[in-house]
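Below you'll find the structure, written out as structure tokens, and then a few comments.
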Amino acid sequence: MTAGLTGGRRGAPTDQPTTANPPGQPRLRRRVDTHASALARMRTDLADPRHDLAVRSLAAQGTDEVSIALLDAWAVVADVVAFYSERVATEGFLRTATQLRSVRELARTLGYGLRPGVAAQADLAFTVETAPGAPEIATVDAGTPIQSVPGPGQLPQTFETTEALEARGSWNVLPVVDAQPQALSRGVAWLWLRGALGAVRPGDSLLIRGARSGFEAIDHRQVRRVQTVAAAPEGLDGWLQVGLDQGIAVIGPGFPAVLEDLQVDLFGERARLFGANAPDPNLLVVDDKQPPGSVPVTDTDSDGVPDGPPYAWAGYGVTSPLEVDGDHPGVLKDSWLALRQGDSTEIYAVTAVVRESAAKWTVSGPVTIATLTPDAGLAGFDRQRVSVLCTSSALAGGEQPDLGQLTGRTLVVAASDPPLPPGRRVLLRGREHLTDGSLGPAAVETATVATCDAAGSTMTLVLEADLITTFARQGLEVLANVAVATHGETARQVLGSGDGRTSYATFRPRRPPLTYVRDTTPAGAHAELTVRVDGVAWAEVGSLDEAGPDERAYVVQHGDDGAVRVVTGDGVHGARPATGQENVTATYRVGIGATGAVEAGQLSLLPRRPFGVRAVTNLAPSRDWAAPETIEEARGNAPVRVRALDRAVSPTDYEDVARGYAGVGPAHADVVWDGRAQRILLSLLASGATTPSVDLVADLRHTLDAARDPACPLDVLAGEPTWFGVRVEVAHDPARDRDGVLAAVELALEGTFGAPVRPFASPVTAAGVLLVVRGVAGVTACTMPRVLPVGSLPAPPLPPTLPVDGDAVDVLTALPGRWDGAPRPAQLLALAPGGIDLREMP
């Protein structure tokens, strides 16, 4: 705006304020006068030669002269009128209006209502009691409230389930099969065990049995001593990696020398044979008499002289049944037993066991007598030197961890009774599988079961869509007692009394804000409000102009303060409520927007616990909430309804329908060629440029399917955010506060290049960043900004580590939607949160 001269004592003429309004300006210039220009114009008129000299002489007088003071007062009136005339005209245009009510009313003339926001949504995992006597089925009714545990500075928030859930204890947690058969190659000196934590220690002996791969099923048996035990290596909970004293032996030449169908047993005890501590009978010879229980040794040399001591204990050799010293309750029929002496080891199966006491060879005590099969090889052992490995117990050694990744839509889980029904909503809980094969952070994803086929101890689940997350198979679980809940607490209220004589009767619910939940209508959300007159439900309509005289209809209007009004008809456009006493009632829900943004694990309180339910939690943060539409958002979204008319034909129409859908932020449509036909590829992000959920994308797709030509292929994908950082040095005006100027620079950069305001497929240049920095008041100079590519960031985005200046570029580009063997979404290039490295020039 061109400011006029102030009109001094002598009253020089002043330039008239300009009222030119080129298209596309954010401000309207309609101020036709100011105090200075009005006073100067009146002084000029007084000095016109047509007036008498006495009148002309007044033009040079100051405002202390009565006549000029009167003109000065009228100049103030002209200034005030011109000022408010410009403000009134400003509020009459959508581009320039500054008041929310003005924007709301202007949008209403286009048939568009400002979006009130969308309630947050969360997937809740219920845990059902499995103790004896607990009910087999627990029913969670629709509308069951779940309350959050508030964090610091927060208030408790109430969520309510959207539909009834039939929950079962067998569906609490279904572990995904994360193991594969273990096979040991010849010479391998380690093996995997599952669930044996604390049972196996260094020094223990293991019996390893298996069959050679590709050959006749010959039972290979070998005993190995445990050298090392590594519990949960590389984060593999529940697994042990056991190091052996020597490598695995595989009988027979050639390859493959691999043992399969492994079975591993732990020998829990090491014992001696009965009589191992018996004295030498030759020490008991008295007066050359043969000791009782001994026999003469018949082995002699060539001269007939006894070869060694003359006497030996009768029956002192090692034979079957085997006499194990002591009482060993763990030695059972069908258990295993091994004899070890020096480098020689023999393995036997126990076919029968007798426990009794024995007295011979001058010793007595309890003895465990085990019949062995086969009984060959026993004669080669010495009773006094052999060790007995017994009390065998089976270990889970037939499997090893499957360190691969899970992608696609098929997974195998432990069987449940009954199997999961098709259409069942489930949660997958595990850890990401990183590109280097290691385990990444914890991850949760929602899926829907398409089919479930049970076979033995496992079930094969086929999901309705491919998984987005690349899960590691280790520790992955499926939780199948899942219900969707939305933010909002149910309230019931008597709105008032109907009066059949009143037109456009207005009723006000006491507790704002009114909850809106997402649906598949063009608006993308509907109010959780039911109004009844004399117990009969009335229907909400977009405008009473569309309602007939007998139609029980009402409209919902929102005030700038969030208050809600329910307005009924006048008997011509919508029926009037019948006269009655407190006969107008409402059931509605309260809660919307950012207040429902709860973190994982906060939803855990059940004010009304369903019978049989032990606990509930949300494994992931709430999602898809949207704040009420701002003035700036409404400026762009209000014309959408007129342009698209709820129909999608051109790529712009797809963008308009998406941007007008509740909960959707930036959207971009491209026409791509897939090798056979052209197709529409719509890329979008949720409000605030956050990642949209699978449900939001699916609901928008459903809405578009009803508004488009089904012959045109369509892909709706979550957009791909890419990030950059900025490093720049600035000099500030010494008269201004340094910290204030630097903060203003950061605010300007975030307001221009932040993700919520950036379009898809739009480049960023160093020159563009320079213009923003230099446009900040108080910046006197700056270096050429360095634009630094950052790439992708974890969600939520973390402050990045900016590359060195040598990696800076003049231009960063973002790709549009494209076909690369499969549809690829458009990229949104934005300033990374915390990605500004702002320094002061030396």
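Listed from fewest to most Cβ neighbours within 10 Å, the set Ser57, Ser102 follows the order Ser57, Ser102. Taking a point 7 Å out from the Cα of Ser213 in the direction of its Cβ, the residues of segment 169-189 whose backbone N falls within less than 20 Å of it are 178-189. Relative to the dominant Cα principal axis of the chain, helix 738-753 is inclined by about 80°.
Computed from the C-beta positions of Ser650 and Ala142 and an R0 of 35 Å, the FRET efficiency is 0.30 to the nearest 0.05. Neighbour counts of C-beta atoms inside 10 Å place Glu105, Glu129 in the sequence Glu105, Glu129, starting with the fewest.
The stretch between Lys333 and Ala454 holds 40.1 nm of extra length on full extension. This uses 0.36 nm per residue minus the Cα-Cα distance.
Straightening the chain between Gln246 and His702 buys 157.9 nm, computed as 0.36 nm per residue apart minus the Cα-Cα spacing. Our note on the geometry: Cα centres of segment 23-39 and segment 408-440, 65 Å apart. For the chain, the longest principal axis of the alpha carbon atoms and the long axis of helix 100-109 meet at an angle near 80°.
Only counting other Cβ atoms within 10 Å, I'd like Glu477, Glu234 sorted with the fewest neighbours first. Spell out each step's value before the answer.
Numbers: Glu477 18, Glu234 13.
Fewest-to-most Cβ neighbours within 10 Å comes out as Glu234, Glu477.
Packing-based ranking of 608-615, 623-630, 436-443, 458-465 yields 623-630, 458-465, 608-615, 436-443, ordered from highest to lowest mean Cβ neighbour count within 10 Å. Over segment 631-718, all Cα pairs binned in 10 Å intervals from 0 give whole-percent P(r) values of 17, 53, 27, 3, 0, listed from short to long. Once you reduce segment 525-579 and segment 634-654 to the center of their Cα atoms, the two points are 26 Å from each other. Inter-label distance, Gln290 to Val77: 15.2 nm, where each label sits 7 Å from its Cα along the C-beta direction.
For Ala597 and Thr371, what does the FRET efficiency come to when R0 = 51 Å and r is the distance between their Cβ atoms, rounded to the nearest 0.05? Between Ala597 and Thr371 the formula returns 0.10. Working from label points 7 Å from Cα in the Cα-to-Cβ sense, the Arg355 to Ala777 distance is 9.4 nm.
The peptide list 580-593, 767-780, put in order of mean Cβ contacts within 10 Å with the highest first, becomes 580-593, 767-780. For Asp545 and Glu234, the FRET efficiency from 1/(1 + (r/R0)^6), where r spans their Cβ atoms and R0 equals 56 Å, is about 0.25.
Charging the Cβ of each Asp and Glu at -1 and of each Lys and Arg at +1, and nothing else, the dipole of segment 167-249 about its Cα centre rounds to 200 debye.
Any idea what the alpha-carbon Rg over 2.2 N^0.38 Å comes to for the chain?
1.51
Remark: the Asp534-Thr691 segment gains 52.0 nm on full extension, using 0.36 nm per residue and subtracting the alpha carbon distance. Per-peptide packing, taken as the mean over residues of other Cβ atoms within 10 Å, places 824-834, 351-361, 46-56 in the sequence 824-834, 351-361, 46-56 from highest down. This model, with +1 at the C-beta of Lys and Arg and -1 at the C-beta of Asp and Glu, gives segment 121-265 a dipole about its Cα centre of some 960 debye.
Which whole-number percent of Cα pairs in segment 702-842 have a distance greater than 17 Å? The proportion of pairs with Cα distances above 17 Å equals 64 percent.
A short reminder: the numbers here are calculations on the coordinates, not readings from a lab. Not measured: the values here are computed from a predicted model. Don't worry about glycine lacking a Cβ; one is built from the backbone with ideal geometry, like all the others, and counts go over all protein chains shown.
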